[in-house]
Amino acid sequence: QVATDKVAGKLSSTLSWVKNTVSHTVSQMASQVASPSASLHTTSSSTTLSTPALSPSSPTQLSPDDLELLAKLEEQNRLLETDSKSLRSVNGSRRNSGSSLVSSSSASSNLSHLEEDSWILWGRIVNEWEDVRKKKEKQVKELVRKGIPHHFRAIVWQLLCSAQSMPIKDQYSELLKMTSPCEKLIRRDIARTYPEHDFFKEKDSLGQEVLFNVMKAYSLVDREVGYCQGSAFIVGLLLMQMPEEEAFCVFVKLMQDYRLRELFKPSMAELGLCMYQFECMIQEHLPELYVHFQSQSFHTSMYASSWFLTIFLTTFPLPIATRIFDIFMSEGLEIVFRVGLALLQMNQAELLQLDMEGMLQHFQKVIPHQFDSGPDKLIQASYQVKYNAKKMKKLEKEYTTIKTKEMEEQVEIKRLRTENRLLKQRIETLEKESASLADRLIQHKCSSRYSEDFVLQLEKELVQARLSEAESHCAMKEMQDKVLEMEKRNSSLPDEENVARLQEELIAVKLREAEALMGLKELRQQVKDLEEHWQRHLARTTGRWKDPPRKNAVNELQDELMTVRLREAETQAELKETKQRMMEMETQNQINSNHLRRAEQEVANLQEKVQYLSAQNKGLLTQLSEAKRRQAEIECKSKEEVMAVRLREADRIAAVAELQQHIAELEIQKEEGKIQGQLNKSDSNQYIRELKDQIAELHHEV
């Protein structure tokens, strides 16, 4: 029994030594594979497994099986030494060639070194910001393009926009005590800002509360802008990096110095300028895609407005959008133009194959997940885009000129409407004056009955002439308004056939307007002539009864001639009025026919759209039924797999119980063998070794 215990103790010590040796060898292999250069500092004595320091007893005292195991381990050790020498030679040749600055043998360790160096570098930049910003501005921009470390992002953003010491920060607590007229709008949109982010998704959470505070404070500081929905995403990103007071200061600087205030104004004039500049860049760099967009009536604002309003925060996942925002803090809106055009270049082939609805789906679902692996590819592509700052200034001047002309046209329209109103008032005044004149003429007592009738007739003709003039003025102004309306409608219709048709209508209306103006001028001249004749007639009638009879006869003939001329003028006025009404009726008829034709075309388009939507609905219903069927199949398969797993688990439990019972039986046999003393010394060693091997195998199986 004593001999058996000694053999068992020797075996246990040998097994523990073998286990330690194997673990040491595996760790050496891993270190040599991960860092082959480390093998330069190892010697053959440290890697030899047969050193006496490692062995608990001399090899001569071990069994043949142990000696065979040691021989195999030493052979593995020699192979490892050979591999390490070959790796040393490869690394030596790389260092001598000078083909790379960093050896491949230290690549894994260099990753941590680079990260550590980046932290040290950014720490030095933050501490010496003023000197670095003045002397090494280009190098700082390059570092920002590579990405600001997360823990430095808050302070670096404040330094980039010079928001670290703003007087308005002291007013923040006072602003929160005030009431803003935009509070209801802000509360309504809070839940829509980053709805899946942990900091903002819960109602009345800390994130939602601080976001509300910052938006409310800014709406009180800048009452002209107040609150705009897209700005909440920018403030939300700032709050993920820094406290609310600092986020408020940075947001104020962004609005003031980064063109965001002009973007978020109620008129959104700056957004219109950005859309115009971006569309011109597409026309220059991607002419085929520009033509495709125009043919599909796919306007730039349909997909790019959110890029400028939120700096891609609603387009890409936060890690990618934050990298773009780093560059925006350093370089401004230029990065939005660059990234936008790079996206279109990368997706040009797919977009050219899609219609308007397909392109919208592509922008909403495909593009946001194209760079989940990292934004480096997108940023590199964006800086390969040609961006000309001088040309952008030129485009800004062009856009300003266009908008100025539009404003002038609107001012001209307002001026014409004002003149029309004043003319109507003047006509009413003239009508009142004519009525009073007629009253005075009627009240005038003449000695001759013929003279009274003649005066009444002239008064009626004068009133009719004034009315005809007023109606002509009104008709002219109405036609001018119709012309302006047609020009606006013409500018809003992209169809070339409609444009040509409207231009023909415009030319015809302008011709009719010219004819009406000519008729009005002639009518005015006739009225003027009538007034002159009326004055001469008054002058003659005052002294008629003092003249001899012969002269009175001449005067009567002149009166008859005057009557004929007045009737002729009345007839011509009625003729002009009839022609004017005919032209108006023709114009109205043509306009109604055009409206009818356009309505029919719109009805046809709507019918096509209804058919398309019904077909799409059928397809969606089919897909839904197919999805339900697949879901049912998946549920059945999952149930079957769960049952199979449970059965396998029961079998394993039964097998473990059997193995444990077998182990117990072997232990009992071992104890019985020791007690009975049936085995001699040599047989007991072999028997114990077999028992230990069986126990080890059973433990391994368990």
Quiz item: Calculated FRET efficiency, D257 and R415, Cβ-Cβ r, R0 56 Å, to nearest 0.05?
Solution: 0.90
Quiz item: Taking the Cα-to-Cβ direction at Q425 and at I695 and moving 7 Å from each Cα, how far apart do the two end points lie in nm?
Solution: 11.7 nm
Quiz item: Efficiency by 1/(1 + (r/R0)^6): what FRET value for Q607 and A657, r their Cβ-Cβ distance, R0 = 60 Å, to the nearest 0.05?
Solution: 0.20
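Multiplying the sequence separation of Q457 and E478 by 0.36 nm and subtracting their Cα-Cα distance, what value in nm do you get?
Numbers: separation 21, 0.36 × 21 = 7.56 nm, distance 3.13 nm.
The span from Q457 to E478 would gain 4.4 nm if fully extended.
Return a whole-number percent for the relative contact order of region 147-266, with Cα pairs under 8 Å and 6 or more residues apart as the contact set. Provide the component values of the computation, followed by the final result.
On the way: 121 pairs, mean separation 36.2, N = 120.
The normalised contact order for region 147-266 reaches 30 percent.
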Quiz prompt | Extended-chain gain in nm, criterion 0.36 nm per residue less alpha-carbon gap, Q296 and Q361 | solution = 22.0 nm
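Working from the pairwise distances between different alpha carbons, so that the mean of 1/r is found and then inverted, what is region 312-366's Kirkwood radius in Å? Working shown, then result.
Values: mean 1/r = 0.0814 Å⁻¹.
Its Kirkwood hydrodynamic radius stands at 12.3 Å.
With a 10 Å radius around each residue's Cβ, average the other Cβ atoms per peptide and rank 365-378, 248-261, highest first.
Numbers: 365-378: 14.1, 248-261: 20.9.
Result, highest mean first: 248-261, 365-378.
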Quiz item: What distance in nm separates the simple spin-label points at L596 and Q525, each placed 7 Å from Cα in the Cβ direction?
Solution: 4.0 nm
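Quote the Stokes-Einstein diffusion coefficient, in whole µm² s⁻¹, for region 350-407, based on the Kirkwood radius over alpha carbon pairs, a temperature of 10 °C and a viscosity of 1.306 mPa s.
In µm²/s, the coefficient is 107.
Over region 147-266, what portion of Cα pair distances is larger than 17 Å, expressed as a whole percent? Before the final figure, lay out each step's value.
Numbers: 3868 of 7140 pairs.
Percentage above 17 Å: 54.
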Practice problem: Could I have the simple spin-label model distance between M582 and E128, label points 7 Å from Cα toward Cβ, reported in nm to one decimal? | Solution: 9.3 nm
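Quickly rank 306-315, 133-142, 203-212, 641-650 as a protection proxy: mean count of other C-beta atoms within 10 Å, highest first. It would help to have the intermediate numbers written out before the result.
Details: 306-315: 21.8, 133-142: 11.8, 203-212: 16.0, 641-650: 10.0.
Result, highest mean first: 306-315, 203-212, 133-142, 641-650.
Tell me, what % of the accessible area of region 147-266 is carbon and sulfur with a 1.4 angstrom probe?
Values: 2730 of 5560 Å².
Whole-percent figure for carbon plus sulfur exposure: 49.
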Practice problem: Give, in nm to one decimal, the length gained when the segment between A435 and K203 is fully stretched (0.36 nm per residue of separation minus the Cα-Cα distance). | Solution: 76.1 nm
Quiz item: Which order, highest average first, do 191-199, 664-672 follow once you tally other Cβ atoms within 10 Å for each residue and take the mean per peptide?
Solution: 191-199, 664-672
Quiz prompt | Computed E for I634/H150 - FRET, C-beta separation, R0 45 angstrom, nearest 0.05 | solution = 0.70
Quiz item: If you wrap a convex hull around the C-alpha atoms of region 271-373 and split its volume per residue, what is the figure in Å³?
Solution: 92 Å³
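The values are calculated or read from the model by the stated rules, or taken from the named source; none is laboratory data. Just so it is clear, the model here is predicted, and its values are computed rather than measured. Positions of Cβ are generated from backbone atoms using ideal geometry, with glycine treated the same way; all protein chains shown enter the neighbour counts. These area figures cover heavy atoms from the full protein model, side chains too; ligands, DNA and RNA do not enter into them. Shrake-Rupley method; radii C 1.70, N 1.55, O 1.52, S 1.80 Å.
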